[in-house]
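Nothing in this text is a laboratory measurement; each read-out follows from the coordinates by a stated rule. For clarity, every value in this text was computed on a predicted model and none was experimentally measured. Here Cβ is always computed from backbone atoms with ideal geometry, including for glycine, and neighbour counts include all displayed protein chains.
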Amino acid sequence: MSSTCIANQPTKAEVVNINGKNIYYEVYGEGTPLFLLHGYTQSSEIWRDHVNDYMNEYQVYLVDLAGHGKSDAFTETLSIKKVAEDLNMLIQHLELDKIKALGFSYGGDVLYQLALINPSLIESMITVGSLGSWSIKDHPEIEKSFTYETAKDYPWIKGAHKSDEQVRIMFEQFKNYSIRLSNDDLKKIKTNVLIVAGDNDPGVPLAEVLRSRKYLLNSDLWIIPNVGHGGHDAENKEAFVHVSKIFLTSKTSQ
């Protein structure tokens with residue numbers, strides 16, 4: 001128990017002002033920088049159980065993306081591209097020239113944008129439940145059920161953010177969640193990408209998975225059977241960590 005607690009203490013944790021907003025991040029371990037990015041309405045807390053799995057090989061960065069966690073609440077219309085621009089500025093502030101990254105859902109969408117904004121930055125990245133293209137307008141059932149009024153039903157929200165008002169704004173901005181990568185956009189991404197998709201994920205159609213796989217020129221695909229949106233956690237965690245380490249180690253250059 002004692003060694004686990006010590007290992008989970010960040011070597012650095014701070015809030016920095018990026019593009020006029022406060023962004024929170026934590027750092028664990030030493031080595032090649034590895035960024036772990038969370039989903040929408042989540043925070044960096046959702047990756048905490050993965051820190052020990054990676055920190056012996058990597059310097060792990062947990063980031064509260066714009067609008068979430070200990071970072072400032074949204075003050076303008078949600079834009080995935082702007083969130084990626086903030087992340088790019090944070091990485092420049094940290095004076096990092098190359099990174100590797102894992103992104104779940106919203107975090108994956110941000111990574112695709114980051115790969116377009118700063119093409120030489122990401123050596124390799126793994127996205128889970130994300131293809132860089134997603135619009136709430138295509139999923140009216142989610143828009144209707146996933147609301148501020150139902151926030152209490154989602155355990156990852158409680159205690160993960162600075163205030164109830166921040167949570168309310170996140171749900172208010174969810175109606176603006178829309179991003180689309182064209183075939184040409186995908187071709188421009190030279191980063192090594194592992195696409196991880198559950199075959200039962202209602203938000204990530206397999207037709208879109210195959211489109212991304214076709215046009216991402218340096219991509220691999222892992223479709224996990226009998227899995228929904230999160231193929232990196234719960235009973236899949238051990239297999240995910242194993243496969244992700246192999247991919248991140250073998251894909252070291254663009």
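Some notes on this structure:
- Among the residues listed as Leu65, Leu87, Leu78, Leu102, the single one being within 20 Å of Val196 (Cα to Cα) and aliphatic (A, V, I, L, M): Leu102
- Residue within segment 95-106 that is surrounded by fewer than 22 Cβ atoms within 10 Å (Cβ to Cβ), part of a loop (DSSP other than H, G, I, E, B), on the phi < 0 side of the Ramachandran plot and touching a helix residue (DSSP H, G or I) at 6+ places or on another chain (Cβ under 7 Å) present: no
- The set of residues from segment 161-211 being out of contact with any helix residue (DSSP H, G or I) (no Cβ under 6 Å at 6 or more places or on another chain) and small (Gly, Ala, Ser) comprises Ser163, Ser178, Ser182, Gly198, Gly203, Ala207.
- Flag if Ile169 is within 22 Å of Ile23 (Cα to Cα), assigned to a loop (DSSP other than H, G, I, E, B) and of a type in the set (A, V, I, L, M): no
- Of all residues making up segment 212-237, the number that are in contact with a helix residue (DSSP H, G or I) (Cβ under 9 Å, 6 or more places away or on another chain), farther than 22 Å from Thr32 by Cβ and of a type outside the set (A, V, I, L, M): 6
- Given (1) touching an Asp or Glu at 6+ places or on another chain (Cβ under 7 Å); (2) touching a residue at least 24 places away in the same chain (Cβ under 8 Å), index of the condition Val15 fails: (1)
- Considering residues of segment 23-69 that are surrounded by fewer than 20 Cβ atoms within 10 Å (Cβ to Cβ), in contact with a helix residue (DSSP H, G or I) (Cβ under 8 Å, 6 or more places away or on another chain) and of a type in the set (D, E, K, R) only, the residue farthest from Lys162 (Cα to Cα): Glu57
- Pick from segment 172-220, criterion assigned to a loop (DSSP other than H, G, I, E, B) and among the acidic types (Asp, Glu), ranking: farthest from Leu116 (Cα to Cα): Asp199
- Pairing each residue of segment 87-109 that is more than 18 Å from Glu123 (Cβ to Cβ) with any residue that is in a helix (DSSP H, G or I), provided the two are 6+ apart or on different chains, yields C-beta distances under 7 Å for Asp109/Ile80.
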